[in-house]
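Step one of this worksheet: look at the structure below.
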Amino acid sequence: MANEYNAINLSQGFPDFDCSDKLKQLVNHYIDTGHNQYAPLEGVFTLREKISDKIKNLYNHKYDPKTEITITAGATQAIFTAISAFIRENDEVIIIEPAFDTYEPSIKLNGGVPVFVSLQAPEYKINWKEIEKAINSRTRMIIINSPHNPSGVVFSEEDMQKLQKITFGSKIIILSDEVYEHILFDNEVHQSVARFPELASRSLLISSFGKTYTTTGWKTGYCCAPEDLSTEFRRVHQLIVYAANTPIQYAYAEMLDFPEEYLKINNFYQQKRDLFINLLRESRFKIIPSKGTYFQLLDYSDISDKSDTEFSDYLIKKVGIAAIPISEFYHQKTNDKMLRFCFAKTDDTLMAAAAKLVKL
């Protein structure tokens with residue numbers, strides 16, 4: 001619709017600017033030097049070593065690069081593989097919604113039963129008592145996502161401790177979607193499952209180079225998990241994709257020698273978040289600044305009584321802005337009058353979009 005109506009596209013979650021020249025040069029180098037055949041199914045070992053070192057430095061947890069880290073064709077493949085490896089007919093999986101749209105269908109395709117616990121607008125804080133109530137003898141997995149898409153909420157240390165407490169002593173697997181781990185604002189700290197030894201012992205940590213290095217089209221991610229979980233993950237991984245792109249893995253491995261490249265992106269995206277919301281200060285939208293990801297929710301309840309899907313259509317057709325209605329991230333439609341806007345765009349794009357939104 002954005003293309004059809006020539007609207008500024010702030011809906012889809014990808015940047016409209018390029019990745020670094022250094023990274024492109026590295027990929028070309030590894031192509032030119034002949035790294036163009038299959039990588040090992042678990043991934044290029046050098047890259048797994050670098051990931052292991054990074055996680056140890058950031059979160060003080062050591063994953064064995066030989067047995068506990070697997071390179072995947074993006075985080076979506078990693079999530080599907082993890083669910084396929086562990087979910088069987090009638091196993092229940094708790095999803096915290098609004099939720100990324102791959103979780104529910106992946107569970108259903110494997111015969112599992114999604115169990116939904118909803119966050120409430122506008123704060124989208126987790127009610128851990130509701131999570132605890134949802135757990136029963138059929139609960140096989142809980143999926144968490146922080147920084148959280150689409151709300152921009154970031155899990156606190158207290159949140160993770162509560163998760164650890166309510167699942168302590170169980171065999172419940174935690175699938176932790178951490179693809180936005182380096183995109184946090186206002187001095188927030190990423191609370192990876194790797195920081196919590198008891199959780200880490202039965203968790204699959206999923207992350208993505210695409211979000212970190214502005215290369216979503218290269219579809220390269222990874223899964224870190226204890227050896228017993230990684231073994232089962234790899235059994236399915238080899239059947240779905242076998243191995244990820246070889247020269248790109250070598251390029252990422254070399255990029256990880258420059259930690260400033262991923263440690264500085266929070267400042268880069270915070271500047272874009274701040275620009276976007278400051279440009280909208282005079283608008284009629286209600287704004288709670290995002291704490292992480294490159295998405296910002298806007299409450300339009302003072303502007304229109306339309307449902308969020310109707311208002312999204314209106315924005316595209318009449319205003320020239322594309323956003324995503326939050327109700328699409330729930331299994332049952334909500335009416336919170338919230339839209340998700342992606343601010344991983346050039347400053348010119350954000351300024352042009354804000355100029356239109358302020359007029360509403």
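Each row is one residue, and each column tells you yes or no for (1) buried (at least 22 other Cβ atoms within 10 Å of the Cβ); (2) among the aromatic types (F, W, Y); (3) more than 13 Å from L205 (Cα to Cα); (4) under 21 Å from the mean Cα position of the chain (by Cα).
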| site | (1), (2), (3), (4) |
| --- | --- |
| L41 | no, no, yes, no |
| E49 | no, no, yes, no |
| L58 | no, no, yes, yes |
| T67 | no, no, yes, no |
| I79 | yes, no, no, yes |
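Give segment 290-337 a look and list any residue that's under 18 Å from the mean Cα position of the chain (by Cα) and among the aromatic types (F, W, Y), or say none.
Y294, F295, F329, Y330 - these are the residues of segment 290-337 that are under 18 Å from the mean Cα position of the chain (by Cα) and among the aromatic types (F, W, Y).
Output the residues belonging to segment 1-39 that are surrounded by 14 or more Cβ atoms within 10 Å (Cβ to Cβ), more than 21 Å from T216 (Cα to Cα) and among the hydrophobic types (A, V, I, L, M, F, W, C).
A7
Here is a list: P259, P226, P247. Which entry is within 24 Å of A85 (Cβ to Cβ), modelled with pLDDT of 95 or more and not polar (S, T, N, Q)?
Among P259, P226, P247, only P226 is within 24 Å of A85 (Cβ to Cβ), modelled with pLDDT of 95 or more and not polar (S, T, N, Q).
Among the residues of segment 261-273, is there at least one that is within 13 Å of I183 (Cβ to Cβ) and among the aliphatic types (A, V, I, L, M)?
Among the residues of segment 261-273, at least one is within 13 Å of I183 (Cβ to Cβ) and among the aliphatic types (A, V, I, L, M), which makes the answer yes.
Can you tell me which residues in segment 218-238 are at negative phi, surrounded by 16 or more Cβ atoms within 10 Å (Cβ to Cβ) and of a type outside the set (G, A, S)?
W218, T220, Y222, C223, C224, P226, L229, E232, F233, R234, V236, H237
Taking segment 185-235 as the search range and keeping residues that are of a type in the set (F, W, Y) and outside any helix (DSSP H, G or I), which one is farthest from K171 (Cα to Cα)?
Among them, the one singled out is F185.
With I31, I69 as the choices, which residue is touching a strand residue (DSSP E or B) at 6+ places or on another chain (Cβ under 7 Å) and at pLDDT 95 or above?
So the residue among I31, I69 that is touching a strand residue (DSSP E or B) at 6+ places or on another chain (Cβ under 7 Å) and at pLDDT 95 or above is I69.
Restricting the search to segment 144-194, which residues are closer than 29 Å to R273 by Cα and small (G, A, S)?
Answer for segment 144-194, where residues must be closer than 29 Å to R273 by Cα and small (G, A, S): S146, S151, G152, S156, S176, S192, A194.
Need at least 2 residues that are over 30 Å from Q191 (Cα atoms) per element, so show me which helices (runs of 4 or more DSSP H) inside segment 256-320 make the cut, counting only ones lying wholly within it.
Per the criteria, 308-314.
Being free of Cβ contacts under 8 Å to residues at least 40 places away in the same chain, outside any loop (DSSP other than H, G, I, E, B) and of a type in the set (A, V, I, L, M) is true for just one of V117, V93. Which residue is that?
Exactly one of V117, V93 is free of Cβ contacts under 8 Å to residues at least 40 places away in the same chain, outside any loop (DSSP other than H, G, I, E, B) and of a type in the set (A, V, I, L, M), namely V117.
To keep it simple, each residue is scored yes or no on (1) in contact (Cβ under 8 Å) with a residue 24 or more places away in the chain; (2) of a type in the set (V, I, T); (3) surrounded by fewer than 19 Cβ atoms within 10 Å (Cβ to Cβ).
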site	(1), (2), (3)
A244	yes, no, no
D257	yes, no, yes
E260	no, no, yes
F276	yes, no, no
R284	yes, no, yes
S290	yes, no, no
S312	yes, no, no
K318	no, no, yes
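Residue pairs, Cβ under 8 Å, 6 or more apart or interchain, first in segment 164-177 and without any contact (Cβ under 8 Å) to a residue 24 or more places away in the chain and assigned by TED's automatic domain parsing to the domain that holds R202, second part of a helix (DSSP H, G or I) and polar (S, T, N, Q). List them.
So the pair list comes out empty.
Under the condition of being over 20 Å from the mean Cα position of the chain (by Cα), surrounded by 12 or more Cβ atoms within 10 Å (Cβ to Cβ) and not polar (S, T, N, Q), which residue from segment 123-140 is nearest to A82 (Cα to Cα)?
So, considering only residues that are over 20 Å from the mean Cα position of the chain (by Cα), surrounded by 12 or more Cβ atoms within 10 Å (Cβ to Cβ) and not polar (S, T, N, Q), the one nearest to A82 (Cα to Cα) is R140.
Tell me which residues, restricted to segment 123-177, are outside any strand (DSSP E or B) and touching a Gly at 6+ places or on another chain (Cβ under 9 Å).
Y124, S146, P147, H148, N149, P150, G152, V153, V154
Take D159 and tell me if it is over 19 Å from N57 (Cβ atoms) and either within 14 Å of the chain's Cα centre (by Cα) or not assigned by TED's automatic domain parsing to the domain that holds A78 (or both).
Answer is no for this residue.
The values are calculated or read from the model by the stated rules, or taken from the named source; none is laboratory data. The model shown is predicted, which means the values in this text are computed figures rather than measured ones. When we count neighbours, we look across all protein chains shown, and the Cβ atoms used for this are built from the backbone with ideal geometry, even at glycine.
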